[in-house]
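Q: Just dropping this structure here.
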Amino acid sequence: MRHRWLAVVLMLFVPLLTVNADTLDREALLERMQGGGLVIYWRHAATDHGQRDTDLSDMSRCEHQRNLNDAGREQARQVGAGFERHAIPVERILSSAFCRNTESARIAFGEGRYETRDDLFNLPPVRNRQQQQALVAALQDYLVTAPEDATRNVVIVGHNINLQRAARVLIEEGEIAVFDPDAEAPRLLGTLHPEDLGPL
C-alpha cells in the first residue's frame, strides 16, 4: 500500500488530464475495451442540479439526494446498449451507493448486476481528512488492479471529484474514462461520451 500512497501524493503535483495526443481515438479505444483487461470508470449519468444531497444518513432515501434527470436516464440506456452493441465484456460492476450511481448502473446493466462499495463514496460530503485520503487511495487501488479474468473489464460507477483526486482526470456527468491497470499509477487510455458507444 505504501507505493499507492506515494502515487497519490505525487499526483497532487500533476495537472488535470483530459484527452491528449497519448490517448486512443474512439475506434481504437472501443477495440481495447472489447479485448478486456481494463478498468472502465463511468461517472454517473446526468443529474438534476436543482436537487441537493441534503441527508446521507440513509443512502436508500433517494429523495434526499441529487438524482438522475430524464437526459441522464437516456444516457444510462445508451451506455448499456453500447456495451451490448460493441460486445464489451464485463467481469464486475462496482458502484457508489448514491442513488444517481446505482440508478445509472441498474438502467445500463440490469438489477442485480452491480455491487455497491462504501469506498466509492462521494468525496465532497466527507469532512474528515483521513477518510478522504482513504477514499482516494481506495480508488487508486481499483484503477491499477486488473480484472481477475483478463478477457473481461471491471466497471466502476463513480464520482468526478474522486477521480480528479485519485488520477488527476476530469470527466463530465455520463462520461467514461478507460484505464490500463498495468501500471504503478492510473494510466488513462482515453474517454468516451455515451453517444460514442453508438454504431461505428
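The values are calculated or read from the model by the stated rules, or taken from the named source; none is laboratory data. Quick caveat: nothing in here was measured; it's all calculated off a predicted structure. Counting neighbours? That spans all protein chains shown, and the Cβs are built from the backbone with ideal geometry, glycine included.
Q: Residue 101 versus (1) closer than 28 Å to residue 183 by Cβ; (2) exposed (fewer than 15 other Cβ atoms within 10 Å of the Cβ): which is the lone unmet condition?
A: For residue 101, the failing item is (2).
Q: Output the residue which, of all residues in the range 37-70 that are surrounded by fewer than 12 Cβ atoms within 10 Å (Cβ to Cβ) and small (Gly, Ala, Ser), is farthest from residue 100 (Cα to Cα).
A: If we take residues in the range 37-70 being surrounded by fewer than 12 Cβ atoms within 10 Å (Cβ to Cβ) and small (Gly, Ala, Ser), then 57 is farthest from residue 100 (Cα to Cα).
Q: For the range 183-199, which positions are closer than 18 Å to residue 28 by Cα and not basic (Lys, Arg)?
A: 188, 189, 190, 191, 192, 193, 194, 195, 196, 197, 198, 199
Q: Confirm whether residue 199 is surrounded by 21 or more Cβ atoms within 10 Å (Cβ to Cβ) and modelled with pLDDT under 95.
A: no
Q: Out of curiosity, is residue 52 in a loop (DSSP other than H, G, I, E, B), in contact with a Lys or Arg (Cβ under 8 Å, 6 or more places away or on another chain) and of a type in the set (Lys, Arg)?
A: So residue 52 fits the description; yes.
Residue-wise test of (1) of a type outside the set (A, V, I, L, M); (2) within 13 Å of the chain's Cα centre (by Cα).
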{"site": "101", "(1), (2)": "yes, yes"}
{"site": "120", "(1), (2)": "no, yes"}
{"site": "134", "(1), (2)": "no, no"}
{"site": "152", "(1), (2)": "yes, no"}
{"site": "159", "(1), (2)": "yes, yes"}
{"site": "172", "(1), (2)": "yes, yes"}
{"site": "182", "(1), (2)": "yes, no"}
